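The block underneath contains the structure these notes are about, expressed in structure tokens.
The values are calculated or read from the model by the stated rules, or taken from the named source; none is laboratory data. Please read all numbers here as calculations on a predicted model, not as lab measurements. Positions of Cβ are backbone-derived with ideal geometry, glycine not excepted, and every protein chain shown enters the neighbour counts. In case anyone asks, the SASA skips ligands and DNA or RNA and just uses the protein heavy atoms, side chains included. Shrake-Rupley method; radii C 1.70, N 1.55, O 1.52, S 1.80 Å.
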Amino acid sequence: MTALGVAAFVRAAVRARRGDLVGAETDMRTVIEIGTEHGAAFAVPSVLYFAADALIERAELADIAALATGIELEPGLERAVSGAILREVRGRLAQAAGDFATARAQLQAAADTYQALHLLNPGTCWRSALALALAAEDPGQALRLADSELEAARRAGWPRPAGIALRTRGLLQGGQRGLDDLEQAVEVLAESGARLEHARALVELGAALRRANQRAAAREPLRAGLDLAYRCGAGRLAQRAATELRAAGARPRRPVLTGLEALTPSERRVAELAAGGMSNPEIAQALFVTLNTVEGHLRHAYQKLSVSSRRQLPAALRSPAPSPPMPPGGQTVTAPQ
């Protein structure tokens with residue numbers, strides 16, 4: 001694995017935890033590309049694990065998500081950490097797709113390996129994932145898992161896993177006790193820096209309030225969750241939040257799709273460097289990313305800013321308002337050079 005691959009791997013993990021799923025997607029593709037080219041395929045299960053939230057939330061990553069089911073581990077690794085994290089990714093993807101039988105099987109197999117290897121760090125949050133998979137089949141065990149993870153997270157003083165465990169327990173318990181846990185999860189995660197998990201807690205709280213016939217109270221957390229999901233690049237969560245908002249009698253605001261506000265941090269950084277006169281290879285070297293990554297960011301920036309050349313970037317980046325979209329049949333945006 002090259003230094004660029006290692007840097008992209010670490011950054012993918014950090015970005016995913018912070019809720020920058022678009023940035024995590026870029027880094028994940030870089031790791032997989034470099035790992036494949038340089039014979040370091042062993043890194044692929046790990047980057048899939050650390051950026052699993054991006055796989056779950058972004059439909060654009062369907063091709064990468066398919067890798068999780070297609071990877072064949074070498075003999076002996078099935079019961080090792082590599083096998084466990086791959087099974088956890090498969091389980092979480094199956095759960096998101098509504099295949100709960102597969103989710104239970106994969107997550108339980110991962111849990112067995114974690115326990116055998118004494119990998120009980122609450123920061124991994126595997127108990128909450130398994131608890132949700134077991135909710136219908138064994139609610140008692142599901143609640144015990146959530147309680148165990150919450151206790152361990154509080155003992156360690158880690159807000160992110162504590163918030164995830166509270167959200168999980170709130171979903172499992174339902175009723176007023178469930179609402180209390182979900183409200184506490186929102187409070188804990190708001191201060192954690194884990195934006196995606198905060199958005200998930202907000203949406204679950206709003207959905208629970210809506211189910212409890214508290215439609216007016218449900219709208220505020222649902223709107224906040226929807227806005228945060230958009231900022232994270234969490235398309236699946238944003239779609240659910242919008243559906244819940246409509247059920248609560250509100251009209252979701254349309255996401256910003258064009259103009260400066262629509263650019264991700266990575267797209268804006270690349271666009272600014274390009275506007276400053278740097279070539280694509282120079283940008284790739286400066287940001288420690290691949291040339292394909294730079295071209296992808298520029299392509300998206302061109303589309304969102306409604307420009308078709310580098311010469312138009314400086315003015316577009318200074319524009320105080322979103323530019324109108326290009327008309328149907330307008331100039332096709334190709335890979336920027």
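crowded, with 18+ Cβ neighbours inside 10 Å, over 20 Å from R29 (Cα atoms) and out of contact with any Gly (no Cβ under 8 Å at 6 or more places or on another chain): is that true of L260 in this structure? Answer is yes for this residue. Among residues of region 133-154 being in contact (Cβ under 8 Å) with a residue 24 or more places away in the chain and open to solvent by 20 Å² or more (accessible area, probe 1.4 Å), the one that is nearest to the chain's Cα centre (by Cα) is A135. Does any residue of region 33-40 turn out to be of a type in the set (G, A, S), surrounded by fewer than 19 Cβ atoms within 10 Å (Cβ to Cβ) and under 20 Å from F9 (Cβ atoms)? Checked region 33-40: at least one residue is of a type in the set (G, A, S), surrounded by fewer than 19 Cβ atoms within 10 Å (Cβ to Cβ) and under 20 Å from F9 (Cβ atoms). Among the residues examined, G233 does not qualify as free of Cβ contacts under 8 Å to residues at least 60 places away in the same chain, out of contact with any Phe, Trp or Tyr (no Cβ under 6 Å at 6 or more places or on another chain), within 23 Å of L182 (Cα to Cα) and open to solvent by less than 50 Å² (accessible area, probe 1.4 Å). Within region 46-77, the set of residues being under 15 Å from L107 (Cβ atoms) and either open to solvent by 20 Å² or more (accessible area, probe 1.4 Å) or among the acidic types (D, E) (or both) comprises Y49, I56, T69. Quickly run through region 120-130 and pick out the residues that are of a type in the set (D, E, K, R) and open to solvent by 30 Å² or more (accessible area, probe 1.4 Å). Once the filter is applied, which keeps residues that are of a type in the set (D, E, K, R) and open to solvent by 30 Å² or more (accessible area, probe 1.4 Å), region 120-130 yields nothing. If you go through region 264-312 and keep only what is touching a residue at least 60 places away in the same chain (Cβ under 8 Å) and more than 18 Å from G233 (Cα to Cα), you end up with A274, F288, V289, T290, N292.
For region 198-230, the tally of residues that are open to solvent by 10 Å² or more (accessible area, probe 1.4 Å) and either in a helix (DSSP H, G or I) or at pLDDT below 95 (or both) stands at 20.
Of the residues making up region 263-305, those that are on the phi > 0 side of the Ramachandran plot and at pLDDT below 90 number 1. Criterion applied to E78, E72, E57 was being closer than 23 Å to A238 by Cβ and among the charged types (D, E, K, R), and the one residue passing it is E57. Apart from one condition, R310 fits all of (1) modelled with pLDDT of 90 or more; (2) under 19 Å from A8 (Cα atoms); (3) among the basic types (K, R); the exception is (2). Being over 25 Å from L228 (Cβ atoms) and touching a helix residue (DSSP H, G or I) at 6+ places or on another chain (Cβ under 8 Å) is a property that does not hold for A301.
How about region 155-177: which of its residues are aliphatic (A, V, I, L, M), open to solvent by 40 Å² or more (accessible area, probe 1.4 Å) and farther than 16 Å from A208 by Cβ? Answer for region 155-177, where residues must be aliphatic (A, V, I, L, M), open to solvent by 40 Å² or more (accessible area, probe 1.4 Å) and farther than 16 Å from A208 by Cβ: just A156. Within region 93-119, the set of residues being open to solvent by 60 Å² or more (accessible area, probe 1.4 Å) and not hydrophobic (A, V, I, L, M, F, W, C) comprises D99, Q108, D112, Q115, H118. Every listed requirement among (1) of a type outside the set (S, T, N, Q); (2) assigned to a loop (DSSP other than H, G, I, E, B); (3) open to solvent by less than 20 Å² (accessible area, probe 1.4 Å) is met by A16 save one, (2).
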